[in-house]
Amino acid sequence: MVLSPKQEEELRLAVADYLQSCGYANALDAFKKDASIPEVIDNKKYSGLLEKKWTSVVRLQKKVMDLELKLNNTTREMNSGVPTRHSRSSNDWIPRPPERHCLTGHRSPITCVLFHPIYNVMVSSSEDASMKVWDYESGDFERTLRGHTDSVQDLAFDSSGKLLASSSADMTIKIWDFQTFECRMTLRGHDHNVSSVCFLPSGDFLLSSSRDKTIKMWEVATGYCVYNFEGHREWVRQVAVISDGSLMASCSNDQTVRIWSLSSKECKEELRGHEHVVECITWSPESSHRYINEASGTEVPKGQKSGPFLASGSRDRVIKIWDVTAAVCLFSLVGHDNWVRSLAFHTGGKYLASASDDKTIKIWELRHKRCSKSLDAHNHFVTSIDFHRSSPFVITGSVDLTIKVWECR
């Protein structure tokens, strides 16, 4: 590459400024003599110029490498006959490498990642007892929420996104005002690690599950515990409420999934089939019902509704899809090489995403009961995954202390 006379002069003066700022007097004198540089250099104009140019080159090199990787992946997809983003509907978009952002800042493993229901932010929780708020589009860190004294285990937003609930190994639940970022109240009552938390769709009540084998229902306005669900024989790992607020599901170390009526407070079903601890559960959206029915060979009479359906993931490395009404397992998804830690349905209903201790995330096409995409997502166990409701993004958290934002296409 040939430099113009002006560029050559700028480079010589920038090098001289660098040698002068580092205190290399002998080298500076020799360089000035060989390069015919005046004794007095305009320090303001050339101060730090070499360092700025150098860091700019490094950033550009990284961008070029990322673009080359994206180009290679796109070329590979086109050669294999995979349709491009523009020829597919948003229901078919799935996360593809490389990640858009890799976010760092937590000092201990990530336990949960969660999209805000309205704003373009996400929240992460960690064993370092903190929560962090990030802009998932730009990858910028926004703020840290502190208050818990032990590992923060789970996060949940109410439907409006104005309240954030966090549960912790310090045996408490905290409710945060997500507009002022202040803790509104601390709920105490569990006798052990509080592993999961979720709001009812109305936002008036909150559910929590714990290692003390119980599930508690809390009134959000007062912070009072209004009901105590008992039945599991071991640690209750997670609770999840169906979208209409009529049913709650829970999973446990006792290898079962229980379905509870929130009106009668009774356990309606106990689902058995997993051969190890059931780590995670999630209700399927209505958009997925037709795909699940096709996969299970179920014909639904015209005018009738099917479901509800529930997905569960276990340390036995298997994901199961359950028909809650019939209390039967419709089919199993097998492919992970380690514990299944987190599940999330695609909003279009066609896919189910899973995160595992085998360091991968897998995208399962429900209709054909097969894994359509497997990503080597992290360098350690993947602990949490979330699909955005309307934007083409997926987020994952890991024991490797990173959060990754994946773009869907």
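The values are calculated or read from the model by the stated rules, or taken from the named source; none is laboratory data. Every value quoted in this text rests on a predicted model; they were computed, and no experiment measured them. Here Cβ is always computed from backbone atoms with ideal geometry, including for glycine, and neighbour counts include all displayed protein chains. For accessibility, only protein heavy atoms count, side chains too; no ligands or nucleic acids. Shrake-Rupley method; radii C 1.70, N 1.55, O 1.52, S 1.80 Å.
Values for this structure:
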{"item": "Positions within region 324-354 being part of a loop (DSSP other than H, G, I, E, B), of a type in the set (Ser, Thr, Tyr) and over 19 Å from the mean Cα position of the chain (by Cα), in sequence order", "result": "Thr325"}
{"item": "Any hit, region 310-323, residues being part of a loop (DSSP other than H, G, I, E, B) and among the hydroxyl-bearing types (Ser, Thr, Tyr)", "result": "no"}
{"item": "Those residues of region 291-308 which are among the hydrophobic types (A, V, I, L, M, F, W, C) and part of a loop (DSSP other than H, G, I, E, B), in sequence order", "result": "Val300"}
{"item": "Some residue of region 198-205 being touching a residue at least 12 places away in the same chain (Cβ under 8 Å), farther than 24 Å from Leu343 by Cα and within 27 Å of the chain's Cα centre (by Cα)", "result": "yes"}
{"item": "Long-range neighbours under 6 Å by Cβ, at least six apart or interchain, first residue under 17 Å from Ser390 (Cβ atoms) within region 103-130, second assigned to a loop (DSSP other than H, G, I, E, B)", "result": "Phe115/His388; His116/Gly161; Pro117/Gly161; Ile118/Gly161; Asn120/Glu137; Met122/Tyr136"}
{"item": "Boolean, Phe309 is out of contact with any Cys (no Cβ under 8 Å at 6 or more places or on another chain) and without any contact (Cβ under 8 Å) to a residue 60 or more places away in the chain", "result": "yes"}
{"item": "Residues (assigned to a loop (DSSP other than H, G, I, E, B) and over 22 Å from the mean Cα position of the chain (by Cα)) located in region 232-258", "result": "His232, Arg233, Glu234, Trp235, Asp244, Gly245, Ser246, Asn253, Asp254, Gln255"}
{"item": "Residue check, Lys320 exposed (fewer than 14 other Cβ atoms within 10 Å of the Cβ) and either closer than 21 Å to Ser384 by Cα or at pLDDT below 90 (or both)", "result": "no"}
{"item": "Residues of region 346-365 classified as among the hydrophobic types (A, V, I, L, M, F, W, C) and modelled with pLDDT under 95, total", "result": "0"}
{"item": "Strands (runs of 3 or more DSSP E) within region 126-231 that include 2 or more residues loosely packed, with under 14 Cβ neighbours inside 10 Å", "result": "141-146, 182-188, 225-230"}
{"item": "Strands (runs of 3 or more DSSP E) completely within region 356-409 that count 3 or more residues being buried (at least 22 other Cβ atoms within 10 Å of the Cβ) and either among the small types (Gly, Ala, Ser) or touching a residue at least 60 places away in the same chain (Cβ under 8 Å) (or both)", "result": "382-387, 393-398, 402-407"}
{"item": "Single residue of region 241-253 satisfying the filter (free of Cβ contacts under 8 Å to residues at least 60 places away in the same chain and buried (at least 18 other Cβ atoms within 10 Å of the Cβ)) that is nearest to Asp204 (Cα to Cα)", "result": "Val241"}
{"item": "Asp92 closer than 30 Å to Leu67 by Cβ and open to solvent by 30 Å² or more (accessible area, probe 1.4 Å)", "result": "yes"}
{"item": "Criterion: under 19 Å from Lys404 (Cβ atoms) and more than 14 Å from the chain's Cα centre (by Cα) - qualifying residue of Asp316, Asp358", "result": "Asp358"}
{"item": "Residues of region 1-37 satisfying the condition of being open to solvent by 80 Å² or more (accessible area, probe 1.4 Å), at pLDDT below 80 and not in a helix (DSSP H, G or I)", "result": "Met1, Val2, Ser36"}
{"item": "Every pair of residues 6+ apart whose Cβ atoms lie under 7 Å, when the first sits in region 272-294 and is of a type outside the set (D, E, K, R) while the second is in a helix (DSSP H, G or I)", "result": "Ser284/Ile292"}
{"item": "Pair list, Cβ < 8 Å and 6+ apart or interchain, from region 48-65 residues that are open to solvent by 100 Å² or more (accessible area, probe 1.4 Å) to residues that are part of a helix (DSSP H, G or I) and of a type outside the set (S, T, N, Q)", "result": "Lys53/Ala14"}
{"item": "Close pairs from region 154-182: first aromatic (Phe, Trp, Tyr), partner buried (at least 21 other Cβ atoms within 10 Å of the Cβ), Cβ under 6 Å, at least 6 apart", "result": "Phe157/Leu164; Trp176/Leu164; Phe178/Leu164"}
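For (1) within 23 Å of Val194 (Cα to Cα); (2) out of contact with any Ser or Thr (no Cβ under 6 Å at 6 or more places or on another chain), each residue gets a yes or a no:
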{"position": "Arg233", "(1), (2)": "yes, yes"}
{"position": "Gln255", "(1), (2)": "yes, yes"}
{"position": "Arg258", "(1), (2)": "yes, no"}
{"position": "Glu270", "(1), (2)": "yes, no"}
{"position": "His276", "(1), (2)": "yes, no"}
{"position": "Gly307", "(1), (2)": "no, yes"}
{"position": "Trp322", "(1), (2)": "no, yes"}
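Residues checked against (1) within 28 Å of Asp337 (Cα to Cα); (2) touching a strand residue (DSSP E or B) at 6+ places or on another chain (Cβ under 7 Å); (3) at pLDDT 95 or above:
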{"position": "Trp260", "(1), (2), (3)": "no, yes, yes"}
{"position": "Trp283", "(1), (2), (3)": "yes, yes, yes"}
{"position": "His289", "(1), (2), (3)": "yes, yes, no"}
{"position": "Asn293", "(1), (2), (3)": "yes, no, no"}
{"position": "Gly297", "(1), (2), (3)": "yes, no, no"}
{"position": "Lys302", "(1), (2), (3)": "no, no, no"}
{"position": "Ser314", "(1), (2), (3)": "yes, yes, yes"}
